[in-house]
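Novice: Got a structure here, written out as structure tokens. Questions coming.
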Amino acid sequence: MRDESVPRPSMPAAGLTVVAMLAFAANSLLCRLALRDAHIDAASFGAVRVVAGALMLAVVLQLVRVRARARALAVGRASPGPQTTPAG
């Protein structure tokens, strides 16, 4: 008997979860390959990953800001707000 109070994940959420799990597995394999044959030392590899992560975070934050700004402008155009007239 299934507990009806527990929501089932939607298909897009389940698909994105699978993609994320595959990405983590691929990342692990790539890390092992990079460090296995001493192509790069562990400290340098860690530094590259930290810098790459920081750059990606900056890109994502910029995209979020641009989308939020565009959404705010679209809402502003849809509802102009109260009209003001100069006093005189």
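The values are calculated or read from the model by the stated rules, or taken from the named source; none is laboratory data. Treat the numbers as computed from the prediction; the structure is a model and nothing was measured. As a convention, Cβ positions derive from the backbone with ideal geometry for all residues, glycine included, and neighbour counts pool all protein chains shown. The area values use the complete protein model at the heavy-atom level, side chains included, leaving out ligands, DNA and RNA. Shrake-Rupley method; radii C 1.70, N 1.55, O 1.52, S 1.80 Å.
Novice: Please determine whether any residue of segment 3-12 is at pLDDT 85 or above, of a type outside the set (S, T, N, Q) and surrounded by 10 or more Cβ atoms within 10 Å (Cβ to Cβ).
Specialist: Scanning segment 3-12, I find no residue that is at pLDDT 85 or above, of a type outside the set (S, T, N, Q) and surrounded by 10 or more Cβ atoms within 10 Å (Cβ to Cβ), so the answer is no.
Novice: Go over the candidates ALA38, ALA13 one by one and state the one that is aliphatic (A, V, I, L, M) and at positive phi.
Specialist: Just a single option satisfies the conditions, and that option is ALA38.
Conditions tested, residue by residue: (1) touching a helix residue (DSSP H, G or I) at 6+ places or on another chain (Cβ under 8 Å); (2) at pLDDT 90 or above; (3) surrounded by 10 or more Cβ atoms within 10 Å (Cβ to Cβ).
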{"site": "MET1", "(1), (2), (3)": "no, no, no"}
{"site": "LEU30", "(1), (2), (3)": "no, no, yes"}
{"site": "LEU57", "(1), (2), (3)": "no, yes, yes"}
{"site": "ARG71", "(1), (2), (3)": "no, no, yes"}
{"site": "ALA74", "(1), (2), (3)": "no, no, no"}
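Novice: If LEU22 passes every condition in (1) open to solvent by less than 80 Å² (accessible area, probe 1.4 Å); (2) part of a helix (DSSP H, G or I) but one, which one does it miss?
Specialist: All conditions are met except number (1).
Novice: In segment 39-55, how many residues are open to solvent by 80 Å² or more (accessible area, probe 1.4 Å) and in a loop (DSSP other than H, G, I, E, B)?
Specialist: Residues in segment 39-55 being open to solvent by 80 Å² or more (accessible area, probe 1.4 Å) and in a loop (DSSP other than H, G, I, E, B): 2 in total.
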